[in-house]
Amino acid sequence: MNPADAMQAAQAAPVVDMSLFGLFWQAHFVVKIVMVGLLSASIWCWSIIVDKTLLFRRTEAEMDAFEEAFWSGRSLEELYRSYNDRQPNGLAAVFVAAMREWKRSFEGSGRQVQSLSQRIEKQLDVTIHREVERLESRLLFLASIGSAGPYIGLFGTVWGIMTAFTSIAASKNTSLAVVAPGIAEALFATAIGLFAAIPAVLAYNKLQASVAKSQSRLEGFADEFSAILSRQIDERLSLAA
């Protein structure tokens with residue numbers, strides 16, 4: 001095709017809407033599915049990010065309030081009664097679980113004091129594991145989108161470029177006005193994939209660090225409380241001897 005024919009073909013080419021909505025509307029059906037899926041995943045990721053951010057702030061505040069109450073000098077029985085009636089989370093859940101095992105052992109008819117320390121430690125471990133699972137729930141989705149999002153977008157891009165080149169071969173017109181819209185539609189899928197993946201990766205790393213911080217705080221309190229209960233067990237055993 002000589003330059004004159006190419007110019008004439010470019011002038012005859014239909015005007016293409018190059019806006020974001022136009023690129024989506026004119027994209028191939030498969031590319032549209034990829035774009036819609038990535039946009040839906042991005043919305044879901046942001047809902048998880050907001051929900052988890054609020055959850056960690058609330059959990060941190062609850063832990064601070066409980067630690068202040070625990071070290072204020074109140075008796076363990078009084079503290080247990082005040083938190084047992086609620087649905088405790090965080091440090092309060094660890095405390096209540098240990099106190100329940102303590103009370104079952106000392107208030108039961110058999111006064112099962114043997115291996116009480118081991119049972120309390122087991123309860124502490126189980127409760128910490130449950131609390132960490134609660135904090136980590138749905139974070140795997142962020143990691144999945146962060147790792148798979150760019151590849152899903154790349155799939156849409158490859159499919160769009162294949163469709164664009166097929167159209168170019170069928171029309172036998174290689175002018176920029178014909179080539180650019182198809183390529184732009186294809187690259188738009190990759191852009192959406194990155195738009196979904198980048199916040200998901202950053203949020204996952206930040207939230208996972210918050211989980212590790214909370215877990216370390218739970219384990220530290222569990223060790224301290226276990227030591228307190230162990231001393232009380234030794235005192236009761238020595239009095240009973």
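The values are calculated or read from the model by the stated rules, or taken from the named source; none is laboratory data. This is a predicted model, so every value here is computed, not measured. Reconstructed Cβ throughout: ideal geometry from the backbone, glycine too, with neighbour counts over all protein chains shown. All accessible areas refer to the heavy atoms of the entire protein, side chains included, with ligands and DNA or RNA removed. Shrake-Rupley method; radii C 1.70, N 1.55, O 1.52, S 1.80 Å.
Compute the accessible area per residue over region 30-240, keeping the other protein chains in place, probe 1.4 Å, unit Å².
For region 30-240, the solvent-accessible area averages 54 Å² per residue.
Using Cα centres only, tell me the gap between region 146-161 and region 194-241 in whole Å.
40
Along region 83-89, what does the Karplus equation 6.51 cos²θ - 1.76 cosθ + 1.60 (θ = phi - 60°) give for ³J(HN,Hα), rounded to whole Hz, x for Gly and Pro?
Values per residue, Gly and Pro as x: 9, 5, 6, 9, 9, x, 10 Hz.
Using a Förster radius of 30 Å, what is the FRET efficiency between Ser216 and Leu194 based on their Cβ-Cβ separation? Nearest 0.05, please. Show your work: numbers first, answer last.
On the way: r = 33 Å, r/R0 = 1.10.
Plugging the Cβ-Cβ distance into 1/(1 + (r/R0)^6) gives 0.35.
What residues from region 192-217 fall in the zone where the backbone N is under 18 Å from a label point 7 Å along the Cα-to-C-beta line of Glu133?
So the set is 211-212, 215-216.
For region 19-97, which chymotrypsin sites (Phe, Trp or Tyr not before Pro) are both in a DSSP coil and crowded by at most 12 other Cβ atoms within 10 Å?
Working: sites: Phe21, Phe24, Trp25, Phe29, Trp44, Trp46, Phe56, Phe66, Phe70, Trp71, Tyr80, Tyr83, Phe95; in loops: Trp71.
Answer in residue order: Trp71.
Starting from region 58-92, pick out the trypsin sites (Lys or Arg not before Pro) whose DSSP state is loop and whose Cβ has at most 14 other Cβ atoms within 10 Å. Intermediate results must be reported in sequence, preceding the final value.
Numbers: sites: Arg58, Arg74, Arg81, Arg86; in loops: Arg74, Arg86.
Within region 58-92, the qualifying trypsin sites (Lys or Arg not before Pro) (loop, at most 14 other Cβ atoms within 10 Å) are Arg74, Arg86.
Enumerate the lysines that Lys103 could reach by cross-link, defined here as Cα to Cα under 16 Å, with residues fewer than 8 away along the same chain left out.
The reachable lysines, counting only those whose Cα sits under 16 Å from Lys103, are Lys122.
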